[in-house]
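The values are calculated or read from the model by the stated rules, or taken from the named source; none is laboratory data. The shown structure was predicted, so the numbers you read here are calculated from the model rather than taken from an experiment. Glycine also receives a Cβ, built like all others from the backbone with ideal geometry; neighbour counts cover every protein chain displayed. Accessible surface areas use protein heavy atoms only, side chains included; no ligands, DNA or RNA. Shrake-Rupley method; radii C 1.70, N 1.55, O 1.52, S 1.80 Å.
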Amino acid sequence: MNYSIGQVAEKFDLSIHTLRYYEKEGLLPAIKRTGSGIRQFDDQSIEDLRLVECLKKTGMPLRDIRTFQEWTEEGESSLTKRKELFEERKQVVLKQIQELQSVMDLVDFKIWYYGEAAKIGSEQKLLEKGFDNVPKDIQELYIKTH
């Protein structure tokens, strides 16, 4: 199946300019063109783009993604390097998840805190109740974030 650049831009929530830039930078080698020069994205170019976007979301710079694409073009001789790259990116993503979980814990604590303060009409009254009167799961959230 073939897709237009507009369809692909919409599918991935990217600008057409971004897709053209990726192609110019060699990140999407599978894009074909019609006789009149119109870009046609096939299933392989969609998979290439999916991978570029995945690696970008791990924080990988485009120059390193380009290096990965070069390794892919090298073929089987680069399989180990490509596997190692993904093992490294996995560690980066795990760290990001851990950081986001910490953010979520603080958000959950604040939701509880402001909800309770609103119920009794005062932050000061909530604070006067003391930490020992806070539910255990909320105490754990507080401790994890401080």
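In the range 1-14, the residue that is least open to solvent (accessible area, probe 1.4 Å) out of those that are out of contact with any strand residue (DSSP E or B) (no Cβ under 6 Å at 6 or more places or on another chain) and assigned to a loop (DSSP other than H, G, I, E, B) is Leu14. Is it true that Gly59 is on the phi > 0 side of the Ramachandran plot and loosely packed, with under 12 Cβ neighbours inside 10 Å? In short, no.
When Lys95 is tested against (1) under 20 Å from the mean Cα position of the chain (by Cα); (2) at pLDDT below 95, only condition (2) is not met.
Number of residues in the range 121-146 that are open to solvent by less than 60 Å² (accessible area, probe 1.4 Å) and either touching a Ser or Thr at 6+ places or on another chain (Cβ under 7 Å) or over 15 Å from Val107 (Cβ atoms) (or both): the value is 7. Among the numbered conditions (1) touching a helix residue (DSSP H, G or I) at 6+ places or on another chain (Cβ under 9 Å); (2) outside any loop (DSSP other than H, G, I, E, B); (3) not hydroxyl-bearing (Ser, Thr, Tyr), the only one that Gly59 does not meet is (2). Is it the case that the range 37-46 has a residue that's part of a helix (DSSP H, G or I), surrounded by 12 or more Cβ atoms within 10 Å (Cβ to Cβ) and in contact with a strand residue (DSSP E or B) (Cβ under 9 Å, 6 or more places away or on another chain)? Within the range 37-46, one or more residues are part of a helix (DSSP H, G or I), surrounded by 12 or more Cβ atoms within 10 Å (Cβ to Cβ) and in contact with a strand residue (DSSP E or B) (Cβ under 9 Å, 6 or more places away or on another chain). If you check Thr72 against the conditions, is it closer than 27 Å to Asp13 by Cβ and modelled with pLDDT under 95? When the stated conditions are applied, Thr72 passes them.
Applying the criterion of being within 15 Å of Tyr3 (Cα to Cα) and open to solvent by less than 30 Å² (accessible area, probe 1.4 Å) to the residues of the range 15-36, the residue that is modelled with the highest pLDDT is Leu19. In the set (1) touching a helix residue (DSSP H, G or I) at 6+ places or on another chain (Cβ under 9 Å); (2) open to solvent by 50 Å² or more (accessible area, probe 1.4 Å), Lys95 fails one condition alone, (1).
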